[in-house]
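Comments concern the structure below.
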Amino acid sequence: MTKSNQKKDPWYLGGIASIGAVLITHPLDTIKVQLQTQQHARFGFFGMTVNIVKNNGFFALYNGISAAVLRQATYSTTRFACYEIVKDIVNNRSNSGSKPKDMPFYQKILIAGMSGAIGGIVGAPADLTNVRMQNDSKLPIDQRRNYKHCFEALLRITRTEGFSRLFAGASMASSRGMLVTVGQLAFYDEIKFRLIKSTYFADNLLTHFTASLSAGVIATIITMPLDVLKTRLMNAKPGEYSGILECAKDILKVGPSGFFKGFTPAFVRLGPHTIFTFIFLEQLKKLAK
């Protein structure tokens with residue numbers, strides 16, 4: 001059976017795998033958000049964890065879980081679907097009438113970047129509610145929004161702040177989505193391909209783990225500055241920042257390191273999330289065949 005005649009993997013598998021991963025890694029994302037929204041570094045990773053649990057209870061680590069699931073259902077489903085569909089189209093055209101060959105890495109980067117940008121826009125409303133719900137417990141009691149779940153948050157934001165507010169920070173979310181998708185999908189694909197081609201690795205769990213861990217490290221490094229900007233913009237009160245430049249200047253008040261605030265939890269969260277996502281995805285692909 002030729003590659004073109006093989007059964008295609010369902011387009012939604014990436015979204016399901018991402019939802020499974022976020023259910024495990026969400027507490028790490030909550031800690032990361034609260035670290036990044038500190039103006040001055042009062043807590044480190046472990047200190048912030050203890051502070052959240054001590055003041056608000058263990059389940060405060062799962063604040064915004066409904067929004068996180070919705071975000072993966074929109075953002076990740078879109079980017080994985082776009083990446084796989086476009087990659088299949090390009091592969092079928094380039095391999096038409098010739099011996100099948102792997103796609104050049106630069107093409108994977110371009111397709112992943114486009115897919116991530118689209119996914120970032122689609123997932124922006126859920127991303128906004130996710131950031132707000134995760135950061136809510138850190139606010140003074142009289143300033144907390146106390147959203148019950150993501151759908152109430154979306155409705156209240158639309159009613160009180162306008163529909164356009166749902167896309168506050170969407171440009172940052174789209175840019176970050178582009179970079180993280182390059183770091184995760186394009187690099188995972190390429191690293192996995194190179195490992196298997198080396199003959200020291202087979203298409204198995206060890207290879208999936210090694211490739212996904214490497215992709216998680218790369219994705220964290222290239223997305224940190226935009227991640228901090230996105231988090232600040234989405235958590236800001238209406239009118240607090242006139243735009244991206246003002247937000248960036250505010251972050252730079254504490255120096256360039258402000259753009260890498262929460263780097264450790266960002267990696268701790270994105271690394272495991274990437275690993276779980278691709279391990280789940282590879283297993284789902286096997287089940288779908």
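Scanning region 130-160 for residues that are part of a helix (DSSP H, G or I) and surrounded by fewer than 14 Cβ atoms within 10 Å (Cβ to Cβ) turns up Ile141, Asp142, Gln143, Phe151, Leu155, Arg159, Thr160. For region 99-124, a residue qualifies if it is modelled with pLDDT of 95 or more, touching a Lys or Arg at 6+ places or on another chain (Cβ under 6 Å) and under 27 Å from Arg232 (Cβ atoms), and the qualifying residues are Ser115, Gly116, Gly119. Please verify whether region 117-128 includes one or more residues that are without any contact (Cβ under 8 Å) to a residue 60 or more places away in the chain, closer than 20 Å to Glu190 by Cα, open to solvent by 10 Å² or more (accessible area, probe 1.4 Å) and part of a helix (DSSP H, G or I). No, the conditions are met nowhere in region 117-128. For region 202-289, the helices (runs of 4 or more DSSP H) that sit wholly inside it and include 1 or more residues that are open to solvent by less than 40 Å² (accessible area, probe 1.4 Å) and of a type in the set (Phe, Trp, Tyr) are 263-288.
Being among the hydroxyl-bearing types (Ser, Thr, Tyr) and over 16 Å from the mean Cα position of the chain (by Cα) is a property that does not hold for Tyr188.
The number of residues in region 51-98 being of a type in the set (S, T, N, Q) and at pLDDT 90 or above comes to 5. Scanning region 161-172 for residues that are assigned to a helix (DSSP H, G or I) and free of Cβ contacts under 8 Å to residues at least 12 places away in the same chain returns Phe163, Ser164.
The values are calculated or read from the model by the stated rules, or taken from the named source; none is laboratory data. Predicted, not measured: the structure shown is a model, and the values here were computed from it. Cβ: placed from backbone, ideal geometry, glycine included. Neighbour counts: every protein chain shown. To get the accessible areas, we keep the full protein, side chains included, count just its heavy atoms, and leave off ligands, DNA and RNA. Shrake-Rupley method; radii C 1.70, N 1.55, O 1.52, S 1.80 Å.
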